[in-house]
Number of protein chains: 2
Amino acid sequence: MSITIPHRLYLPEAEIPTSWYNLRADMKEQPDPMITPNGDLIKEEDLYPVFCKKLAHQELDSETRFVEIPEEIREVYKVYRPSPLCRAYNLEKALGTPAKIYYKFEGNNTSGSHKLNSALAQAFYAKDEGLKGVTTETGAGQWGTALAESTSYFGLDLIVYMVKVSYNQKPFRKAVMETFDAKVIASPSDTTNVGRSILAADPDNSGSLGVAISEAVEVAVTTEGYRYVLGSVLNQVLLHQSVIGLEAYAAMEKLDEYPDIVIGCAGGGSNLGGLIAPFMRDKITGKATGLRVVAVEPASCPSFTRGKYAYDFCDTGKMTPLAKMYTLGSGFKPSANHAGGLRYHGMSPILSKLYHDGYMEAVAVEQTAVFEAAKQFAQLETILPAPESAHAIRGAIDEALRCKETGEAKTILFGLTGTGYFDMTAYAQFNDGTMTDYIPTDADLEASLADLPQV
Amino acid sequence: MSITIPHRLYLPEAEIPTSWYNLRADMKEQPDPMITPNGDLIKEEDLYPVFCKKLAHQELDSETRFVEIPEEIREVYKVYRPSPLCRAYNLEKALGTPAKIYYKFEGNNTSGSHKLNSALAQAFYAKDEGLKGVTTETGAGQWGTALAESTSYFGLDLIVYMVKVSYNQKPFRKAVMETFDAKVIASPSDTTNVGRSILAADPDNSGSLGVAISEAVEVAVTTEGYRYVLGSVLNQVLLHQSVIGLEAYAAMEKLDEYPDIVIGCAGGGSNLGGLIAPFMRDKITGKATGLRVVAVEPASCPSFTRGKYAYDFCDTGKMTPLAKMYTLGSGFKPSANHAGGLRYHGMSPILSKLYHDGYMEAVAVEQTAVFEAAKQFAQLETILPAPESAHAIRGAIDEALRCKETGEAKTILFGLTGTGYFDMTAYAQFNDGTMTDYIPTDADLEASLADLPQV
């Protein structure tokens, strides 16, 4: 019996996963553990001042294979999940490729991205522990928006430190967060010691993600009833994001399909780690040895393809423990012309380990090529992709064009993490031909990598 | 057997309607016909210089009950349809109402609104007739975006006259349209006679929807291979938008549900007319005599509740034929503090006739109350509604609160036409308390109604 493959397949509500999948439980070798700058192992209790207890546990738990999703989180997942698995028929036809192209679309919620999957989980656990509020930082604003939606839903306070240059340039992102009752503060600010000291030395400082993290962490650890939350890189975030991969896996099973290639954009790794989780299990356990998993990163922030696999700080301010990961050095910043997210200096330790051990590939792409793919996709598939997501589209189109050359009818699955409604400045630059590319020089990377901690 | 009602019900792709439903075929009395300012009946051929032939036919065809949706349009409907029928469980719970609240959500496509349903149809027919391009006007930008997406898909040129004040204030709307290769021109412009004459008299003229329509129509009728298209008010638009109601009807049948009240926001009537079509058929034919149909309009532009049922021009420039409709006078403009769309001076002739004959009710609501509803809905249902759509939310919440008083467990269905990503200026005003209300005085309306054509 042949199955008719629809343009968009929505699993029924009853098939929203009941557990997240913890890929660490199936990895043959574990990622190297988080340590202090002195080289001491980080224990669960060490994380309690920063994360609420259940999340601290999830961060370090490499053994529990399936973690039950609390009923309260499943209830709100039902408002926007399952997300659709889409077949890009129009794109396939336009490319003239024999490949079948699927994408899992995570942008159909107000936050506009997959970030909501983990934001809701982190907000729920904080509320469940009886906390009063959480703090976070945001740059482009996708994470801040998802978190504001989540804290509003569960009835928590939220303070967002938003990089000042972004705060001034993106008033609409701020307005969305405020609609969800978040308190949004331009960073550096006079509300923290770190902010005041920076402003004292440089009153016109326009901020950075590193400084915003430092402010958010300072407030969390010094305010009764508050903790700090983060939208990527962490093991707990990849755990929550496994809901993307589990749904995609189940949907493909219904269609009697299995991908030859799974492709995701890579910044800190939250989407990529979530999407690939159940497919990577098959690869690790030998069920799908031929499967290729491809990370697509910006050439302007190439942590996988040009970074070093080493212990590094997770933040620019060097307040966090050290993680073993592919890193460009905690002081690395992508050049000013870089649009959208995917600007983190490091990479999820789980994904870093998989890449190091040969389970994954990575490619770096330039942003004008990314926006070409974004525009082609928007015109054919009626979704305006976020710049981040368009990296995966670029990767998928390139693989599909290779299939056209070789005549292979491969099955490609990529993650479409979100929509680009708040990234129109970048689209406008692309449309009028003023968008530029930038690749850091070897000397740039040597300089930022020279600062790695000695452990 | 009891049916579990999911938060979101998606019909399978195979159940996308194969025909649009033409409500006129079941109306006991027809809307008064379109006429010239001299009182002559408009014939199909009279419309050919402006609309392509199939659309001119649809505009005047009150007899064909079901109009087959061409395969090419159904193919692209599949990329974003069926849209979900959602149960607002969280909203019901927060209100403490015994009512069941459903909404049909049309915002899950790049254009962000239901406008795409008719834009695709109009673009297809233009392409199918061998035309080179179409022209239109846009104010807030929702229609221009949907049309740009559609012309890009079918390979037509598009010229959008965008009201100059909006062009300058909403560069992101312009950028979206340009991403879909539309040519966006600030109106008044030096590209038309009407534009040049206005600029000669007043070089700083900031434009109006009326002027933009005049420019778009002038270019369409004077350029080989071009026609003009419009996103609301017209009979053809209501026909295309019936896809909303047909899907909602089919989805409710699956859930063994039937609405007691159907609610939609009302500007020109495109969404409302589409949503209610199959339910109104039941009311007209006596199958659902108790059904209430409620239009919710802005108190600042109250065509149903305070307008006059009379023949009037469809545009401010008085270039179009006359339609019999509820109108505030073709020179009426809502006050400057009015946010979003729903600013048209008239109303769909079909809906006007139904309202006049007692098949529908209408209420007018003030915008701060609308944004209160929008914010409450966003926090509970994880969709940030467009200001237009939030009028329907306000209406639904008010009905649900009445059910709370009376203890009646009514079933409410409303149309959620789109998302508010490009309306954050208005949300920011609401958030910071600077949003104001405005209700035109009787003298204001007398003045704008004094100008009605004498026929």
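The values are calculated or read from the model by the stated rules, or taken from the named source; none is laboratory data. Being a predicted model, the structure only gives us computed values, none of them experimental. Cβ placement follows ideal geometry from the backbone for every residue including glycine, while neighbour counts extend to all protein chains displayed. These accessible areas exclude ligands, DNA and RNA; they are computed on the full protein's heavy atoms, side chains included. Shrake-Rupley method; radii C 1.70, N 1.55, O 1.52, S 1.80 Å.
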Query raised in the report: Nm distances between the label at A:Ala369 and the same-position labels in the remaining copies, 7 Å along Cα→Cβ, shortest first?
Result: 5.7
Report task. Whole Å is fine, so just give me how far the alpha carbon centre of segment A:5-47 lies from that of segment B:189-233. Result -> 57
Report task. Based solely on C-alpha atoms, express the radius of gyration and the Dmax of the protein assembly as shown in angstrom. Result -> 27.7, 91
Report summary line: Comparing each residue of segment B:378-422 in the complete protein assembly with the chain by itself (heavy atoms, probe 1.4 Å, ligands and nucleic acids ignored), those losing at least 40 Å² of accessible area are B:Gln379, B:Thr382, B:Leu384, B:Tyr421, B:Phe422
Report task. Rounded to the nearest 100 Å², what's the accessible area chains B and A bury against each other, both chains counted, probe 1.4 Å? Result -> 3900
Report task. Indicate the gyration tensor shape class of segment B:169-299 (rounded, prolate or oblate), computed on the Cα atoms with a ≥ b ≥ c the square roots of the eigenvalues: a/c under 1.5 is rounded; otherwise a/b larger than b/c is prolate and the rest oblate. Result -> prolate
Query - Where a label projected 7 Å from the Cα of A:Thr289 along Cα→Cβ would reach, residues of segment A:349-369 with amide N under 19 Å - result: A:357-361
Query raised in the report: Taking the label point 7 Å from Cα in the Cβ direction, how far apart in nm is A:Ala450 from each other copy of itself, listed shortest first?
Result: 8.0
Report task. Just the Kirkwood number for segment A:22-116, please: inverse of mean 1/r across all distinct Cα pairs, in Å, one decimal. Result -> 17.4
Requested in this report: Please work out the FRET efficiency for the pair B:Asp40 and A:Arg402, using the Cβ-Cβ distance as r and a Förster radius of 51 Å; give the result to the nearest 0.05.
Outcome: 0.20
Report task. Quick one: grab the alpha carbon gyration tensor of segment A:292-346, order the square roots of its eigenvalues as a ≥ b ≥ c, and give me rounded if a/c is under 1.5, else prolate or oblate depending on whether a/b is larger than b/c. Result -> oblate
Query raised in the report: At q = 0.22 Å⁻¹, what base-10 log of I(q)/I(0) does the Debye formula yield for segment B:328-455 when every alpha carbon is treated as an equal point scatterer in vacuo?
Result: -1.37
**Report entry** Percent carbon-and-sulfur accessible area, chain B, ignoring ligands, DNA and RNA, probe 1.4 Å
**Finding:** 50
Report task. Report, as an integer, the average count of C-beta atoms from other chains found within 10 Å of each Cβ along A:428-436. Result -> 2
Report task. Report the relative contact order of segment A:159-302, percent, no decimals, based on alpha-carbon pairs under 8 angstrom and at least 6 residues apart. Result -> 17
Query raised in the report: If we restrict to alpha carbons, what Rg and Dmax does segment B:114-233 come to, in Å?
Result: 13.3, 41
Query - Accessible area per residue, Å², segment A:114-233 with all protein chains present, probe 1.4 Å - result: 32
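In percent, what relative contact order does segment A:96-201 have, based on Cα pairs under 8 Å that are 6 or more apart in sequence?
21
Order the following by accessible area, largest value first: A:Tyr77, A:Tyr359. Probe radius 1.4 Å; ligands, DNA and RNA are ignored.
A:Tyr359, A:Tyr77
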**Report entry** Cα-based reach from B:Lys287 at 30 Å (exclusive), listing lysines while leaving out same-chain residues under 8 positions away
**Finding:** B:Lys28, B:Lys100, B:Lys104, B:Lys115, B:Lys254, B:Lys324, B:Lys353, B:Lys404, B:Lys410
Query raised in the report: In chain B, which whole DSSP H runs stretch at least 24 Å along their own axis (Cα) and average -1.0 or higher on the Kyte-Doolittle scale?
Result: B:235-254, B:387-406
Requested in this report: List the relative contact order of segment B:1-93 as a percent without decimals, with contacts defined as Cα pairs under 8 Å and 6+ residues apart.
Outcome: 52
Report summary line: One checks the Cα atoms of chain A and finds Rg and Dmax, in Å, of 20.7, 72
Query raised in the report: Where in segment A:150-189 does the amide nitrogen come within less than 15 Å of the point 7 Å from the Cα of A:Thr223, taken along Cα to Cβ?
Result: A:151-152, A:155-162, A:178, A:181-187, A:189
